[in-house]
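Asks: Shown below is the structure under consideration.
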Amino acid sequence: MIALRFDDVTISAGGRRILEDVSATIRSGEFVGVLGPNGAGKTTLMRAVLGLVRPAAGRIEVVERPIGYLPQVRVSTAAGRICGFDLLASGLGAARFGLPWISRAQRDEIGRALALVDAEALAERPIGSLSGGERQRLLLAQALLGRPRMLLLDEPLGGLDPRRQHQVLGLIRRLQQELGLTVLMSAHELNAVIGIVDRVLYLGGGHAALGAVDEVVTSPVLSRLYGAPIDVVRAGGRIFVTQGARADDRVAAE
Amino acid sequence: MNPLDYDFMRNAYLAAGIVSVLAAATGYFLVLRGQSFAGHALGHVGFAGAALGAWAGLSPLGGLIAITAAGGAGMGLLGSSLEERDVGIGMVLALSLGLGLLFLGFITHSAVQATSLLFGNILGVDRATVLALAAIAAASLLSLGLIARPLLFASLQPELAEARGLRLRALSVAFLGLVGLAVAASAQIVGVLLVFALMVGPAAAAQNLTVRVGRGFALAVTIAVAQSLCAITLAFYTDWPVSFWVTALSTGTYLAALAAR
């Protein structure tokens, strides 16, 4: 079953083409790592799925709804003195006017989401006092409110050390499998997600390639994506993507 | 000697109570959104408006309200392009005070008027002003209650709120317009220069004392009202200015809240 489909999608912003003719089909229950360098369009792609950015051409078909979203810049610093529970509560029914009361059912829903990520104790503490990994757990709970079928996670590993990255990634994987979710998770560090994600959607040069890591992260595919020579080096179970030596350099070296 | 025996004191207590509720209610969100400086700036902008109103023969309160509400909405429209620009806001502050001074200079009896605009004149508030303040406060609090839910979400998590289809810019304009009204009302008590003590002090103290939104909000309002009523009483017995006591109590409460954290 299809969860999400991009059909020749082109997205421009400020006169610049960010994504061009992107086509990809993501299946239900799949964990897809969205990779690519900064500025490759990972956030834009997610915002387009949410309907916040309208494609200049092509079509995005979202089958799995509702969507849980974890944006990149997440909590305003001024809000650091508010506890996690109230942070989660603030997002419930927030599009409606009125006072921010929450019902017993909503309170239970928050409790359920917190229990899923094991963050009940964290929810009592002010957000400013949480470590990066604890904060991510809390925000994952927020993304789970409203029982989403698909999660869009924008750089949930950003700013975490390798050990915490591993913990958060393990948690996302567990949630994805337990709840049968479709997950799109962006990351700019390829090696952090290898072996965890099912497939990768690699963005570069405005184009995209979707497939298993071994199919996509190869010199021919990435070189085609960027329209420039890209070297992919595998060493010690890790993968390094670098700009390839230019042809004239090689000639000079010879 | 009972302060309540005097008509002007009863008016002062009433006005201070009403204004404190409004100031702390908007102030709570102001602090939550990290826009305290915007509230301070609006006070200065209001000075120019009030002085212009006085010079033009209109009511200073009317001029004050018009310009602070418009100024607040304008700040909301400019949005984040303005928020991080201390220098820009600082220039507007300075120019506003200068313009206020100019307009007051055109009036002969400017000194008294300037002092009461800058530092407040709560003991000179008459019954008509109390009623006007009550009307402003009621309308503002009602509006704030109406936008409270989306405003809270947009303040805590702007990106997520935007993703859910909330209109951040419109919320910001509406909220800062309300802040403008609260600033105009607060200026009646403590003057345009000291609105910070009434709007930001209690809210900041409350946010140090509790991590819950509901409790923090209630606490901010309670602190603000208590602080104003105490300040008027202390001023009555000491004969020192009310505004001094408001700032002293505000700072004292904030420091105590910091220590209690």
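Asks: Quick check on my filter: what residues within the stretch A:1-22 are within 20 Å of the chain's Cα centre (by Cα) and touching a residue at least 60 places away in the same chain (Cβ under 8 Å)?
Replies: A:2, A:3, A:4, A:6, A:18, A:19, A:20, A:22
Asks: Another question, if that's okay. Mind listing just one residue for me: the one in the stretch A:20-53 that is touching a helix residue (DSSP H, G or I) at 6+ places or on another chain (Cβ under 8 Å) and within 14 Å of chain B (Cβ to nearest Cβ) and, of those, surrounded by the fewest Cβ atoms within 10 Å (Cβ to Cβ)?
Replies: Once the filter is applied, the top-ranked residue is A:52.
Asks: Just one of B:206, B:185, B:220 is closer than 26 Å to residue B:9 by Cβ and within 14 Å of another protein chain (Cβ to nearest Cβ); which is it? Write out each step before concluding.
Replies: Working: B:206 fails: closer than 26 Å to residue B:9 by Cβ; B:185 fails: within 14 Å of another protein chain (Cβ to nearest Cβ).
After applying the criteria, what remains is B:220.
Asks: A further question on this structure: Pairs only if they're at least six apart or on different chains, beta carbon under 9 angstrom, first in the stretch B:236-261 and within 18 Å of residue B:188 (Cβ to Cβ), second open to solvent by 80 Å² or more (accessible area, probe 1.4 Å) and assigned to a helix (DSSP H, G or I); list them, first residue then second.
Replies: Close Cβ pairs satisfying both conditions: B:241/B:119; B:243/B:119; B:244/B:119; B:247/B:196; B:250/B:196.
Asks: Here is a list: B:134, B:170, B:114. Which entry is small (Gly, Ala, Ser), open to solvent by 30 Å² or more (accessible area, probe 1.4 Å) and more than 14 Å from chain A (Cβ to nearest Cβ)?
Replies: B:134
Asks: Right, something else. Counting just the residues of the stretch B:143-158 that are more than 7 Å from every other protein chain (Cβ to nearest Cβ) and more than 11 Å from residue B:172 (Cβ to Cβ), which one comes out surrounded by the fewest Cβ atoms within 10 Å (Cβ to Cβ)?
Replies: My answer is B:143.
Asks: Give the stretch A:44-75 a look and list any residue that's of a type in the set (A, V, I, L, M, F, W, C) and assigned to a helix (DSSP H, G or I), or say none.
Replies: A:45, A:46, A:48, A:49, A:50, listed by residue number.
Asks: Can you tell me which residue among B:30, B:14, B:22, B:64 is touching a helix residue (DSSP H, G or I) at 6+ places or on another chain (Cβ under 8 Å) and under 19 Å from residue B:97 (Cα atoms)?
Replies: On inspection, the qualifying residue turns out to be B:64.
Asks: A further question on this structure: For the structure I just gave you, tell me whether residue A:76 is closer than 25 Å to residue B:165 by Cβ and modelled with pLDDT under 90.
Replies: Yes; evaluated as a whole, the condition is true for this residue.
Asks: Follow-up question, since we're still on this one. For residues that are open to solvent by 20 Å² or more (accessible area, probe 1.4 Å), within 14 Å of another protein chain (Cβ to nearest Cβ) and either touching a Gly at 6+ places or on another chain (Cβ under 8 Å) or assigned to a helix (DSSP H, G or I) (or both), tally how many sit in the stretch A:118-144.
Replies: First, pick out the residues of the stretch A:118-144 that are open to solvent by 20 Å² or more (accessible area, probe 1.4 Å): A:118, A:120-121, A:124-126, A:128-129, A:131-132, A:134-135, A:137.
Filter once more, keeping what is within 14 Å of another protein chain (Cβ to nearest Cβ): A:121, A:124-126, A:128-129, A:135.
Checking the rest, the ones that are also either touching a Gly at 6+ places or on another chain (Cβ under 8 Å) or assigned to a helix (DSSP H, G or I) (or both) come to A:124-126, A:128-129, A:135.
The total comes to 6.
Asks: Still on this model: Scan the stretch A:203-224 and report the pairs whose first residue is over 21 Å from residue A:30 (Cα atoms) and open to solvent by less than 20 Å² (accessible area, probe 1.4 Å) and whose second residue is hydroxyl-bearing (Ser, Thr, Tyr) and in a helix (DSSP H, G or I), with Cβ atoms within less than 9 Å and a gap of 6+ or a chain change.
Replies: If the second residue must be hydroxyl-bearing (Ser, Thr, Tyr) and in a helix (DSSP H, G or I), the pairs left are A:204/A:226.
Asks: A follow-up question, please. Keeping to the stretch B:202-221, report how many residues are touching a residue at least 60 places away in the same chain (Cβ under 8 Å) and either open to solvent by less than 40 Å² (accessible area, probe 1.4 Å) or not hydrophobic (A, V, I, L, M, F, W, C) (or both).
Replies: Result for the stretch B:202-221: 9.
Asks: Let me ask another. Which of the residues belonging to the stretch B:72-103 are at pLDDT below 85, open to solvent by less than 70 Å² (accessible area, probe 1.4 Å) and over 18 Å from residue B:183 (Cα atoms)?
Replies: Within the stretch B:72-103, B:79, B:81, B:82, B:88 meet the criteria.
Residue by residue, here is whether (1) small (Gly, Ala, Ser); (2) buried (at least 24 other Cβ atoms within 10 Å of the Cβ) holds:
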residue	(1), (2)
B:182	yes, yes
B:194	no, no
B:233	no, no
B:241	no, no
B:246	no, yes
B:253	no, no
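Asks: Could you tell me whether residue A:147 is more than 13 Å from chain B (Cβ to nearest Cβ), part of a helix (DSSP H, G or I) and within 22 Å of the chain's Cα centre (by Cα)?
Replies: No.
Asks: Same structure again: Could you check the stretch B:32-53 and list, in sequence order, the residues that are open to solvent by 20 Å² or more (accessible area, probe 1.4 Å) and in a helix (DSSP H, G or I)? Give the derivation first.
Replies: We begin by selecting, within the stretch B:32-53, every residue open to solvent by 20 Å² or more (accessible area, probe 1.4 Å); these are B:33-34, B:36-37, B:40, B:45, B:52.
The answer is B:36, B:37, B:40, B:45, B:52.
Asks: Related question: Failed condition for residue A:64, given (1) away from every other protein chain (no Cβ under 12 Å); (2) closer than 28 Å to residue A:118 by Cβ; (3) surrounded by fewer than 16 Cβ atoms within 10 Å (Cβ to Cβ), with all others met?
Replies: (3)
Asks: While we're on this one: For the stretch A:176-202, how many residues meet the condition of being polar (S, T, N, Q) and either touching a Ser or Thr at 6+ places or on another chain (Cβ under 7 Å) or touching a residue at least 60 places away in the same chain (Cβ under 8 Å) (or both)?
Replies: Filtering the stretch A:176-202 for residues polar (S, T, N, Q) gives A:176-177, A:182, A:186, A:191.
So of that shortlist, the ones also either touching a Ser or Thr at 6+ places or on another chain (Cβ under 7 Å) or touching a residue at least 60 places away in the same chain (Cβ under 8 Å) (or both) come out as A:176, A:182, A:186.
Residues in the stretch A:176-202 being polar (S, T, N, Q) and either touching a Ser or Thr at 6+ places or on another chain (Cβ under 7 Å) or touching a residue at least 60 places away in the same chain (Cβ under 8 Å) (or both): 3 in total.
The values are calculated or read from the model by the stated rules, or taken from the named source; none is laboratory data. Since this is a predicted model, take the numbers as computed values, not measurements. FYI the Cβ positions are ideal-geometry reconstructions off the backbone, even for glycines, and counts take in every protein chain you see. Side chains are part of the model used for accessible areas, which takes the heavy atoms of the whole protein and leaves out ligands, DNA and RNA. Shrake-Rupley method; radii C 1.70, N 1.55, O 1.52, S 1.80 Å.
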